[in-house]
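Chemist: First, the structure itself, so that you have it in front of you.
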Amino acid sequence: MKRLTPHCVSSLRRVTIERAHVIFDVYVERSRTKMMTAQWALPERFSFEGQAIAWGVMGEGPPSVVMHGSPFSSREWRRIAPWFARHRRVFYYDLLGYGQSAKPDADVLHGTQNRLFAALMDHWSIERPDIVAHDFGGSAALRAHLLDQVDFRSLVLIDPVAISPQGSALVQAAKAHLEVFSGLPAYIHEAILRAYISAAVKHSLREEEMQPYLEPWLSDEGRKAFWRQIAQMDDKYSEEVEGRYGEIRCPVVILWGAEDTFIPLKDGEELARRIPGASFTIIPAAKHLVQEDAPEAIVAAVLEFWRGLEEPRH
């Protein structure tokens, strides 16, 4: 198991990430009025069991899919997917119950998302994509691979929901009192939501960064959907596959925010231990939503991983 800590990072990885910082800053500066500030677009729709799933695609090349976590949306990839799209055809989508996708009054967590992902793979007519998955997106990817036999060329997991037990104090309270939480006045709901999302990042989000994460959950439908998916969190879905991580059939890289308070670092270390050959990299100065705290570290690590897969072995 490869493990890099904030205080013990290999010189090669440090150079790679520092170089990525410089390149990324230049790219953001050049593109600030274009892609980075443009509205994240999901122009396509796929019908899954009668529910509309919002998705999009960018770039050319071998297929890749980025999968977001909860309570976020595919927008978390807005700074990262364009870099991947220089090397891959990148598919992205909002999970059922999230973002611009439908929010049915039904179970939208682990048991559903892997089936949705398998259906999207068929719809997109792609095989063995490179997967980059975060949080519940990681759970969906793992379950699709192990339960639905969906094959990947490679798998990058970023702070995934993969090891039980899980669930914060807020999750436990919502599970016990769903009607109370879903009926909160709008201003109290928004205050809790802001605090919840803020806790996922080390560096405070600007209002223009925070608002798109809030927006899907602020309507009456969204408010009910938010608390419903929180209350649906259940260890049984992870437990169904936890004992099978040794069966994963592709190279795996695990990235973890050093200061993640949603899913502790020890869970990442345990996950890496259970997946033979998986590398484990700790991202300094980042919490759970590494896409906001250190997007350049994700870009550097993933592109380096992909390049290594393409290099001929002697």
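The values are calculated or read from the model by the stated rules, or taken from the named source; none is laboratory data. None of the values given here were measured: they were computed from a predicted structure. Neighbour counts are summed over all protein chains in view; Cβ atoms, including those assigned to glycine, are modelled from backbone coordinates with ideal geometry. Heads up: the accessible areas ignore ligands, DNA and RNA and are worked out on the full protein's heavy atoms, side chains in. Shrake-Rupley method; radii C 1.70, N 1.55, O 1.52, S 1.80 Å.
Chemist: Which whole-Hz couplings ³J(HN,Hα) result when phi for each residue of the range 53-63 is put into the Karplus expression 6.51 cos²θ - 1.76 cosθ + 1.60, θ = phi - 60°, listed in order with x for Gly and Pro?
Modeler: 10, 7, 8, x, 8, 8, x, 9, x, x, x
Chemist: Apply the membrane-span-like helix rule to the chain: whole DSSP H runs, Cα extent along the own long axis of at least 24 Å, mean Kyte-Doolittle hydropathy at least -1.0. List the helices found. All intermediate terms of the calculation are to be shown ahead of the outcome.
Modeler: Numbers: long enough: 11-31 (29 Å, -0.05).
Result, helices passing both filters: 11-31.
Chemist: Continuing with the same structure: Put a dot 7 Å past each Cα toward the Cβ at ARG274 and ALA199; how far apart are the dots in nm?
Modeler: Here the modelled spin labels are 2.3 nm apart.
Chemist: Given a cut-off of under 8 Å on Cα pairs at least six residues apart, what relative contact order in percent is computed for the chain? All intermediate terms of the calculation are to be shown ahead of the outcome.
Modeler: Details: 529 pairs, mean separation 66.9, N = 314.
Relative contact order here is 21 percent.
Chemist: Past 25 Å, Cα to Cα: identify those pairs from LYS224/LYS266; LYS103/LYS266; LYS236/LYS266; LYS103/LYS175; LYS202/LYS236, in the order given.
Modeler: Values: LYS224/LYS266 32 Å; LYS103/LYS266 33 Å; LYS236/LYS266 20 Å; LYS103/LYS175 18 Å; LYS202/LYS236 30 Å.
Going by Cα-Cα distance, LYS224/LYS266; LYS103/LYS266; LYS202/LYS236 fall outside the 25 Å limit.
Chemist: Please work out how much length the chain gains when fully extended from ILE192 to LEU147, using 0.36 nm per residue of separation minus the C-alpha to C-alpha distance, in nm with one decimal.
Modeler: Numbers: separation 45, 0.36 × 45 = 16.20 nm, distance 3.50 nm.
Roughly 12.7 nm would be gained on extension.
Chemist: Report the percentage of all Cα-Cα pairs in the range 141-181 whose separation exceeds 16 Å, rounded to a whole percent. All intermediate terms of the calculation are to be shown ahead of the outcome.
Modeler: Working: 477 of 820 pairs.
The calculated P(r) of the range 141-181 puts 58 percent of pairs beyond 16 Å.
Chemist: For the range 204-314, what does the accessible surface come to per residue with a 1.4 Å probe? Please give it in Å². Don't jump to the answer; show the numbers that get you there.
Modeler: Numbers: 4690 Å² over 111 residues.
Accessible surface, normalised per residue, equals 42 Å².
Chemist: Tell me, what % of the accessible area of the range 124-267 is carbon and sulfur with a 1.4 angstrom probe? Walk me through the numbers before you get to the answer.
Modeler: Values: 3110 of 5950 Å².
Result for the range 124-267: 52 percent of the exposed heavy-atom area is carbon or sulfur.
Chemist: How many angstrom lie between the C-alpha centres of the range 113-133 and the range 136-176?
Modeler: 15
Chemist: Right, here's the next one. Among (i) 26.2, 78; (ii) 21.7, 77; (iii) 18.4, 63, find the value of Rg and Dmax of the Cα atoms in Å that was calculated from the structure presented, and write down its label.
Modeler: Label of the calculated value: (iii).
Chemist: Now, a different point. Go from 0 up to the bin containing the longest alpha carbon distance in the range 216-314, width 5 Å each, and give me the % of pairs per bin.
Modeler: 2, 10, 14, 16, 19, 17, 11, 6, 2, 1, 0, 0
Chemist: How would you rank 248-260, 195-207, highest first, on the average number of other Cβ atoms within 10 Å across their residues?
Modeler: Working: 248-260: 21.0, 195-207: 15.3.
Most protected by this proxy first, the peptides run 248-260, 195-207.
Chemist: At a threshold of 8 angstrom on Cα-Cα distance, excluding pairs fewer than six apart, so keeping six or more, what relative contact order does the range 94-209 reach in percent?
Modeler: Numbers: 92 pairs, mean separation 20.9, N = 116.
Computed over the range 94-209, the figure is 18 percent.
Chemist: Arranged from highest to lowest average of other beta-carbon atoms within 10 Å per residue, in what order do the peptides 301-308, 85-92, 40-47 appear? It would help to have the intermediate numbers written out before the result.
Modeler: Numbers: 301-308: 18.0, 85-92: 20.9, 40-47: 14.0.
By packing density, highest mean first, the sequence is 85-92, 301-308, 40-47.
Chemist: Can you say what percent of the DSSP beta bridges in the chain, counting only those with both residues inside, are antiparallel? Round to 5. Before the final figure, lay out the partial values.
Modeler: Working: 10 of 35 bridges.
The antiparallel fraction comes to roughly 30 percent.
Chemist: OK, next. Quick one: length gained pulling SER164 to SER219 fully straight, 0.36 nm per residue minus the C-alpha distance?
Modeler: Working: separation 55, 0.36 × 55 = 19.80 nm, distance 3.18 nm.
16.6 nm is the gain from fully extending SER164 to SER219.
Chemist: Next question, about the same structure. Once Rh is set to the Kirkwood radius over Cα pairs, what Stokes-Einstein translational diffusion coefficient, in µm²/s, holds for the range 82-228 at a temperature of 25 °C and a viscosity of 0.890 mPa s?
Modeler: On the way: Rh = 17.0 Å.
Here the translational diffusion coefficient equals 144 µm²/s.
Chemist: Eigenvalues of the Cα gyration tensor times 5, then square-rooted: what semi-axes does that give for the range 112-196, in whole angstrom, largest first?
Modeler: Details: eigenvalues 212, 40, 30 Å².
Three semi-axes, in Å: 33, 14, 12.
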